[in-house]
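Worksheet: one structure, shown below.
Since every read-out is calculated from the coordinates, none of them should be taken as a lab result. Computed from a prediction, not measured in an experiment: that's the story for all the values here. Please note: Cβ atoms are built from the backbone with ideal geometry, for glycine as well, and neighbour counts cover all protein chains shown.
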Number of protein chains: 2
Amino acid sequence: MQFHHEGYVSGEPRVLEAAGYGIDRAAELPEEMDVLIVGSGPAGMIAAAQLSKFPSLNVRMIERRGGRLELGQADGVQARSVESFNAFGFAERIIAEAYRITEMAIWNPNPDNRDEIIRTGRTLDDEGGTISEFPHLIVNQARVLDYFAEVALRSPGRIKPDYGWEFQTLTVHEEGDYPVEVKLIGSAGEQAGVERTVRAKYVVGCDGASSRVRKAMGRKLEGDAANHAWGVMDVIAKTDFPDWRLKATIHSKNGSILHIPREGGHLARIYVDLGEVPLDDNHAVRSTPIEEVIRRANEILSPYTLDVHHVAWSSVYEVGHRVTDKFDDVDDESRTPRVFITGDACHTHSAKAGQGMNVSMQDGWNIAWKLGFVLEGRSPASLLHTYSGERHEIAQNLIDFDKQWSSMMAKKPEEFESPDALERFYEDTFEFPAGFMTQYKPSVLTAGDEHQELATGFPIGKRFKSAKTIKRGDNNPVHLGHLHEADGRWRIYVFADPAAPGADSPAQRFGDWLGENPASPVVKYTPAGGDDDAWFDSKVIYQTDYTQVEFGDVPKVFWPEVGPWKVNCWEKVFANGLGNDIFDTRGILRDGAVVVVRPDQYVAAVMPLDATDEFAAFFDGVFTLQG
Amino acid sequence: MQFHHEGYVSGEPRVLEAAGYGIDRAAELPEEMDVLIVGSGPAGMIAAAQLSKFPSLNVRMIERRGGRLELGQADGVQARSVESFNAFGFAERIIAEAYRITEMAIWNPNPDNRDEIIRTGRTLDDEGGTISEFPHLIVNQARVLDYFAEVALRSPGRIKPDYGWEFQTLTVHEEGDYPVEVKLIGSAGEQAGVERTVRAKYVVGCDGASSRVRKAMGRKLEGDAANHAWGVMDVIAKTDFPDWRLKATIHSKNGSILHIPREGGHLARIYVDLGEVPLDDNHAVRSTPIEEVIRRANEILSPYTLDVHHVAWSSVYEVGHRVTDKFDDVDDESRTPRVFITGDACHTHSAKAGQGMNVSMQDGWNIAWKLGFVLEGRSPASLLHTYSGERHEIAQNLIDFDKQWSSMMAKKPEEFESPDALERFYEDTFEFPAGFMTQYKPSVLTAGDEHQELATGFPIGKRFKSAKTIKRGDNNPVHLGHLHEADGRWRIYVFADPAAPGADSPAQRFGDWLGENPASPVVKYTPAGGDDDAWFDSKVIYQTDYTQVEFGDVPKVFWPEVGPWKVNCWEKVFANGLGNDIFDTRGILRDGAVVVVRPDQYVAAVMPLDATDEFAAFFDGVFTLQG
Ligand SMILES: Cc1cc2nc3c(=O)[nH]c(=O)nc-3n(C[C@H](O)[C@H](O)[C@H](O)COP(=O)(O)OP(=O)(O)OC[C@H]3O[C@@H](n4cnc5c(N)ncnc54)[C@H](O)[C@@H]3O)c2cc1C
Ligand SMILES: Cc1cc2nc3c(=O)[nH]c(=O)nc-3n(C[C@H](O)[C@H](O)[C@H](O)COP(=O)(O)OP(=O)(O)OC[C@H]3O[C@@H](n4cnc5c(N)ncnc54)[C@H](O)[C@@H]3O)c2cc1C
C-alpha cells in the first residue's frame, strides 16, 4: 500500500483524499450525470468502485432496494475474483472472514445398499496453488457488496448508492451532451412513488436477470427454453453428515445436493436439485415450501439426518442458460454505444458452477475503466465497442462450459463411463470455474501473439498471472501482480536483458526511451502537471541478484518523482534473489521482454525490448492526444 | 473467524454482539467502576480491548488527550506483537498497511576515505521465518492504537476511551466494594478544569514514563542516572542514499543514525544519535532544533545528501534504562494489589531496540485477562500477584539486553573486535527483539518442566509457537496457534497417541475424562447454562492422516454443541496430512501429550495423557468454584 506522498496520513490509509465530484458530492440524484449505473449487485458495485477512481466524472448508481442487500443470492467466490478484490484493496479482509474451499467430497449411493450414500472420492481444489495463489472462497454476496461499497465511498469520487430509485425505461437521443434520457420512479423511502427523469452520457444496466435496461434496449436473453430449479437454503443445523464443513456433491437415488459450507463455521448452504422446470410450470416451482426442501434433503442424505434448527435464508432459484446477442445498444460500429448491460442482465447460468457473481464482476470492471478512459478523454469513444466484443464471447464460452458441467452434475452415477469420471472432469477443467480461462482475442486492446514466445508464462489476452520477485528498495519478496491496483493505470513491465543496470543494454535503452522519447506513450499521453506515473505505471525487473541493483543506475522512468514534494518513488524496481527468479517462473527469455497489462489486469501485449515502434503504435491505438 | 452460531450475521462479522455493560454503555464516566485504566497508549489500549471481552465488568479508560493520538512515538512492531494482533483479529489488516522489515543494511565509514560511509553488510531479519511466521513491521503507533480501539468498541463490552480526563492521584482504602478513590481533572473539551472523584475496584496505570499513578503508589523508576537522547524525525525527503527504503544502522565519523523506512512507501523515520545527556542538562537537549538534526543527518550520510521536503513529526526523545522495583501497590502478598502499572510507567529503555510499545502491550494484556478472571470470579484475587511477578522480571531482562544492544550500536567501528561483530550480535540475539524470549518461571500459572520432553517444541513458560496442521471439518491447512483468539479462554491441546479416533486409547480416555468427569476443570468450572467451551477451548490433534478421522469417533468435548441452537462446533479436531505433521514440527512424542495454554498464549503446562490428577490439580490452583 502506497500513501503519505501527498501528505501525512494519520488515520486509515485506505481512505483516499476526495477529489472532483467526490469533494462535495451532492446527496440528491442530480438531473445530469456522466454515468448512471442501474443496480448495485456485484456488477454495479465493482463498476462504481472503479469509477470512483475517476473523480472528475459524475457517476451515480441507483438501486431499487431501500438499502444494502442483507441476505442470500450467490456466495461462491473464485480465485480470480479474490485477485480482483486484491486490486481493490480488500482481499486480506474478506479472506479472513470467508470459508475457504480446499477440497470437495463426492458422495454416491452405496453400491451395497443403494438407499444410503457413501463418500466415494475427494478432489483437492487447486492442489499446490498452481492455478492461483489466491484462495477459492465462499462468502455471502452481501459482504462482497459491502466491501465494494466501502471502496467506492473511500475512493476519491466518494460514490454511494442512491437507494430507493427504480429504473423504468430509457431513450437514447441522437444529440446533446447527455443523450440518454432515463425515467425513474422512487421505490423506497421518502421518494417512493415519485417519478423523475434524469439524463446521462452513458447508462450501465447492472440490474440483474429481469433487467429493464435490457428490455429498454430491445435485447432478449436467448437460450434454454426451460429453467432448472434448486431449492436453496442457508441453514444452521444439527447433523451427523460427516462432511458438513466440506463442499460436497451428493448423488443419491432420491436426488442430488450441492452442499456448500459457509463462512463463520456454522452455517451451510444446501442446494437441493428440483430438476428441470416444465415449460408450462409458470413458476409454480417457486412455491415449493421450505419444509419440502428440508424433507428432500433428508431423503438424499440418508443414512444421515439433517435437523434444521434455523433457516437464515431460503429461495427457489430457477435459472436457465441464456445470453443476449450483444451487450450494448448498437448492432454495428456506426455509432458509439450509449447503453451497456452487464452480469445477469445479459447472461445467466446454473447455480452449480458458481459463476454468476464472478463473471458479473468482470463485466462491471471491464466496462467501468473503459468508460473512465473515454469520458476523461484518454481514449476515443470507439474503445467502448470492445466491451461487448470481449465480454459476449466470454459469456458464451461460460455457458457452454456450464451446460457441460451441469449435465455432468445431473447425471446418475450409473450413467458415467467410469466411477471417477466426475472427479476427473472437475480436475481437468478446474481453471474454468476458478475464473482464469478468459482470453481476449486480438483487438485494439490485445496485440497479436507474434512475440508470445518471449514470455510464455504471460499468455496474451489472459490475466497477468503473478509471480514472486524481490522489490528492490525494501528488498521484500513480493508478488508482482499484487501491486497492480485497480487505479485505472496501464502497467508496463520491462523484463531486462542480463546486463547490469546502468550498462548500455536493450533494457536500459528501452527505459530511457520510455521516459524521455516524445514518441513514447508515457511522454506523449501523460498529462502535464501531475505525476509522471499518473497514467502508466512502468516497472523494471532485473535478472541479476537484487544486491547488484542500485537506484542510481536505473532509468529515471523507474524512479520517478511523485507527489507535491517531488520525492522519488522507490517501488518500481525489482530483481531476482532469495530464491525467486520470475524469468524462470514465467518463462521469460533471458533477452528480456516488455509485457503490457491493461487496467483490469489482462495482458495486452508482449514485445521485444527493441520494438519501440510497435510499442508506440499499440498505445496510439488506445490513447488519444489530450485536446 | 467463527460466527453465525448465535444468529445470522449479515454485516461486518468483526462486530460482536453487545452484552453486559456494553448494551447501554453510559456515555459519561460513572462514579464507580470495576476497572479504571489510566492512559490509552499501547498498554492501556490492549487492556481495554481484552477487558471488552468481559462485558459483565464495568471498565473505563481515561486519557488526558482530547482525542486519538495522531502522530509520532514508537513505530517498531515485533513479530510477537503481530501475533498478538492476530489474536485480537486485525493482523491481516495492519500487515497490509505497514512497512515490512526483511533486511537490515549496515553502513560504516569507508576505510579508504573515512569522510564517507559505505555499505559494509546486510543481515536478513528472521531468515526463512524460523523465529515466527509473522512479520516484523513498522507502522505508526497511532494506527496500532486505532486498531485496538476498534476491537474494544466492537467487542461485547463496547469500551471507548474517555478522552479529556487527567488522572491526579489516588488513595487505596482498606474497605469498601470500590476501595480505590481516584481524583481526576478534566483536561480537554467541555470538562476542562472540572475536578472529579471516582471509585474503582482496580486501577491500571498505563500513563507512560512520567506516570502519576506510579507516583501515587510511591514507586520510582530506578536505573541509569543519565538519559540518552535522539533527534527523531518522520520525514519525506529527496535523497540519493541508496538504502532509503531499508532499515539501516549507519555509523560515520560524524555520529550515527538508525534509519527506519515507514509505511506507505515514502516516509522514513531517522533517529540521529545525540549522545548521552549530561546530568546537569536539565532537558536542554530537548530544544535541539530540527534544522540541527537535519544538518547532522546530512553530515553522517555524506557522500549522500538528504533534502528534507516535509517534516511530518519530530521530537527529541530522551530516555534511560529504568525500571521500578515492583509493578503493583503491595510489597508482599499480605493483601490483594489494587493498583498496577504497565508499560513505560514501570520500565523505559532506549529507542534503538524498538521495545517500548511491544513490551507495554504484553504488560497490558497480562494484567487485563487476570483482572477479568478475578472480577468475574473465575479465579481467586491472589492471581493478581502474578502480574508483577511475571512482568517485572521480563522488564529487567529486557533492560539488560537493551543496554548491551545500545552499547553495541553506539560503539565506534574501530572498537569492534571483528568487522562483522555487530552483524553477528544482531543475528544471534534476534529472538529477543522479536519478542519471543519471554519465559515465565514456575508459579500458579506455569507448571514445572517435569514433562517438557513430551513436547520440546512448546517450552513451558514461553508463548505457544504455532505450527501447521489440518483442521478436520473443512480440511484446511491452518496454523493451530492462529486460532487462539484473545477471548479469555484457556486452550487445552490434546496431542493424541497413534491410535485411531474411537479406539480405546490414552487420548480417547483423556478426552472422555475431560468432557465428563466431575474432577475435570471443564466440567467443574464451566458455568452452567452457557456453551460447554465457554471457558476452556479443548482441541484434539491426531497423528493419523486427516482422511482417517471422522467426527462420530472423537470424544464429545471436541465436538461440543454451542450457541442458542445447540449445533456442533466443527473446529476443534485436527490431524496430520497434506505434508503437515505438527508432532514432527514441534517435537511431540508419539505417545501424545496435553499442552495447556493461557489466555495470553503462554504455555502453562505439558503433561502426559494419563496425568488427569496433575492436570486437575493445576487448574484447581487457577480457578475457583463459582459461588
Ligand atoms: C434470489 C436470488 C438467488 C440467487 N441465488 C444464487 C445462488 O444460489 N447461487 C449463485 O451462484 N447465484 C445465485 N444468484 C445469482 C447471482 O446472485 C447473480 O448471478 C449475481 O448477483 C449477478 O450480479 P448482477 O450484478 O449482474 O445482478 P444482481 O446481483 O441481480 O443485481 C441486480 C441489482 O439491480 C437491482 N435492480 C433490479 N432492477 C432494478 C431497477 N429496475 N432499478 C434499479 N435497480 C434494479 C436489484 O435490486 C439488484 O440489487 C441468485 C440471484 C437471486 C436474485
Ligand atoms: C514523544 C514520544 C516519543 C517517543 N518516541 C519513541 C520512539 O521514537 N521509538 C520508540 O521505540 N519509542 C518511542 N516512544 C516510547 C513509546 O511510545 C512507548 O514505549 C510506548 O508508547 C509505551 O506505551 P505505554 O502505553 O506504556 O505509554 P504511552 O504510549 O506513553 O501512553 C501513555 C498514555 O497515557 C496518557 N496519560 C499520561 N498521563 C496521564 C494522566 N495523568 N491522566 C490520563 N492520561 C495520561 C498519555 O496521554 C498517553 O496517551 C516515545 C514516546 C513519546 C512520549
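Within the stretch A:524-560, the residues that satisfy the criterion of being within 14 Å of chain B (Cβ to nearest Cβ), surrounded by 21 or more Cβ atoms within 10 Å (Cβ to Cβ) and among the β-branched types (Val, Ile, Thr) are A:VAL549, A:VAL554.
For every residue, the table says whether it meets (1) within 16 Å of ligand 1 (Cβ to nearest atom); (2) closer than 30 Å to A:TRP490 by Cβ.
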{"residue": "A:ILE341", "(1), (2)": "yes, yes"}
{"residue": "A:CYS346", "(1), (2)": "yes, yes"}
{"residue": "A:GLN355", "(1), (2)": "yes, yes"}
{"residue": "A:PHE373", "(1), (2)": "no, yes"}
{"residue": "A:ARG378", "(1), (2)": "no, yes"}
{"residue": "A:MET408", "(1), (2)": "no, no"}
{"residue": "A:LYS412", "(1), (2)": "no, no"}
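Among the conditions (1) within 19 Å of the chain's Cα centre (by Cα); (2) within 15 Å of ligand 1 (Cβ to nearest atom), A:PHE167 misses just one, which is (1).
Is it true that B:GLY231 is farther than 28 Å from B:THR348 by Cβ and not aliphatic (A, V, I, L, M)? Against the criterion (farther than 28 Å from B:THR348 by Cβ and not aliphatic (A, V, I, L, M)), B:GLY231 does not qualify. Hey, can you tell me all the residues within the stretch A:182-214 that are in a loop (DSSP other than H, G, I, E, B) and among the acidic types (Asp, Glu)? Passing the criteria: only A:ASP207.
Tell me the residue from B:PHE436, B:PHE510 that is closer than 23 Å to B:GLN50 by Cβ and either free of Cβ contacts under 8 Å to residues at least 40 places away in the same chain or buried (at least 16 other Cβ atoms within 10 Å of the Cβ) (or both), please. Step through it out loud before you land on a result.
Working: B:PHE510 fails: closer than 23 Å to B:GLN50 by Cβ.
Result: B:PHE436 is the single residue among B:PHE436, B:PHE510 that is closer than 23 Å to B:GLN50 by Cβ and either free of Cβ contacts under 8 Å to residues at least 40 places away in the same chain or buried (at least 16 other Cβ atoms within 10 Å of the Cβ) (or both).
Within the stretch B:190-210, if we keep just the residues that are within 10 Å of ligand 2 (Cβ to nearest atom) and in contact with a Lys or Arg (Cβ under 9 Å, 6 or more places away or on another chain), the residue that is farthest from B:THR342 (Cα to Cα) turns out to be B:ALA209. For the stretch B:544-558, the candidate set comprises residues that are free of Cβ contacts under 8 Å to residues at least 60 places away in the same chain and of a type in the set (A, V, I, L, M); within that set, the residue that is farthest from A:LEU124 (Cα to Cα) is B:VAL557. Checked against the criteria, B:THR102 does not count as within 14 Å of chain A (Cβ to nearest Cβ) and farther than 17 Å from A:GLY577 by Cβ.
Residues checked against (1) free of Cβ contacts under 8 Å to residues at least 60 places away in the same chain; (2) part of a loop (DSSP other than H, G, I, E, B):
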site	(1), (2)
B:VAL272	yes, no
B:GLY275	yes, no
B:ASP280	yes, yes
B:ARG295	yes, no
B:ILE300	no, no
B:TYR304	no, yes
B:ASP307	no, no
B:HIS310	no, no
B:ASP331	yes, yes
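Scanning the stretch B:69-126 for residues that are within 16 Å of ligand 2 (Cβ to nearest atom) and farther than 22 Å from B:ALA353 by Cα yields a total of 3. When B:ALA519, B:ALA486 are screened for being assigned to a loop (DSSP other than H, G, I, E, B) and out of contact with any Lys or Arg (no Cβ under 8 Å at 6 or more places or on another chain), only B:ALA519 passes. Remark: pairs (first residue in the stretch B:235-261, without any contact (Cβ under 8 Å) to a residue 24 or more places away in the chain; second residue outside any loop (DSSP other than H, G, I, E, B); Cβ separation under 6 Å; 6+ apart in sequence or on different chains) = B:ARG245/B:PRO261; B:HIS259/B:ALA248; B:HIS259/B:ILE270. When A:ILE294, A:ILE260 are checked against the criterion of being surrounded by fewer than 24 Cβ atoms within 10 Å (Cβ to Cβ), within 22 Å of the chain's Cα centre (by Cα), β-branched (Val, Ile, Thr) and more than 29 Å from A:LEU36 (Cβ to Cβ), a single residue qualifies: A:ILE260.
Just one of (1) within 14 Å of chain B (Cβ to nearest Cβ); (2) more than 16 Å from ligand 1 (Cβ to nearest atom); (3) touching a residue at least 12 places away in the same chain (Cβ under 8 Å); (4) touching a strand residue (DSSP E or B) at 6+ places or on another chain (Cβ under 6 Å) fails for A:ILE118. It is (3). Note on the stretch B:1-103: enclosed helices (runs of 4 or more DSSP H) holding 1 or more residues that are under 30 Å from B:LYS566 (Cα atoms) are B:42-51, B:79-87.
Within the stretch B:269-289, is there a residue that is of a type in the set (A, V, I, L, M), closer than 24 Å to B:ALA98 by Cα and within 14 Å of another protein chain (Cβ to nearest Cβ)?
Taking the stretch B:269-289 first, the residues of a type in the set (A, V, I, L, M) are B:270, B:272, B:274, B:277, B:279, B:284-285.
Right, trim to closer than 24 Å to B:ALA98 by Cα and you get B:270, B:272.
Filter again for within 14 Å of another protein chain (Cβ to nearest Cβ), leaving none.
No, the stretch B:269-289 contains no residue that is of a type in the set (A, V, I, L, M), closer than 24 Å to B:ALA98 by Cα and within 14 Å of another protein chain (Cβ to nearest Cβ).
Return the residues of the stretch B:256-268 that are within 14 Å of chain A (Cβ to nearest Cβ) and in a strand (DSSP E or B); say none if nothing qualifies. B:HIS259, B:ILE260, B:PRO261, B:GLY264, B:ALA268, listed by residue number. Taking every residue in the stretch A:65-80 that is within 14 Å of chain B (Cβ to nearest Cβ) and hydrophobic (A, V, I, L, M, F, W, C) and pairing it with any residue that is in a loop (DSSP other than H, G, I, E, B) and away from ligand 2 (no atom under 16 Å from the Cβ), at least 6 positions away or on another chain, the pairs with Cβ-Cβ distances below 8 Å are A:LEU69/A:SER40; A:LEU69/A:GLY41; A:LEU71/A:ASN140; A:LEU71/B:TYR8; A:LEU71/B:SER10.
Table: residues versus (1) surrounded by fewer than 23 Cβ atoms within 10 Å (Cβ to Cβ); (2) within 14 Å of ligand 1 (Cβ to nearest atom).
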{"residue": "A:VAL180", "(1), (2)": "yes, no"}
{"residue": "A:VAL204", "(1), (2)": "no, yes"}
{"residue": "A:LYS220", "(1), (2)": "yes, no"}
{"residue": "A:ASP234", "(1), (2)": "yes, yes"}
{"residue": "A:THR239", "(1), (2)": "yes, no"}
{"residue": "A:GLY255", "(1), (2)": "yes, no"}
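B:MET61 satisfies every condition listed in (1) more than 14 Å from chain A (Cβ to nearest Cβ); (2) under 30 Å from A:LEU16 (Cα atoms); (3) within 25 Å of the chain's Cα centre (by Cα) except (2). Is it fair to say B:GLU92 is within 13 Å of chain A (Cβ to nearest Cβ) and closer than 30 Å to A:GLY577 by Cβ? Here the answer is yes, as B:GLU92 does meet what is asked.
Only one of the listed residues (B:SER360, B:SER315, B:SER334, B:SER350) is over 23 Å from B:PHE401 (Cα atoms), more than 14 Å from every other protein chain (Cβ to nearest Cβ), within 9 Å of ligand 2 (Cβ to nearest atom) and not charged (D, E, K, R). That residue is B:SER315. Checking each residue in the stretch B:215-255 for being away from ligand 2 (no atom under 15 Å from the Cβ), in a strand (DSSP E or B) and over 27 Å from the mean Cα position of the chain (by Cα) picks out B:ILE236, B:ALA237, B:LYS238, B:THR239, B:ILE250, B:HIS251, B:SER252, B:GLY255. Among the residues of the stretch B:19-44, those identified as farther than 13 Å from B:ASP162 by Cβ and either under 28 Å from the mean Cα position of the chain (by Cα) or of a type in the set (Phe, Trp, Tyr) (or both) are B:ALA19, B:GLY20, B:TYR21, B:GLY22, B:ILE23, B:ASP34, B:GLY41, B:PRO42, B:ALA43.
Of everything in the stretch A:8-33 that's small (Gly, Ala, Ser) and within 14 Å of another protein chain (Cβ to nearest Cβ), which residue is nearest to A:GLN191 (Cα to Cα)? Here the answer is A:GLY11.
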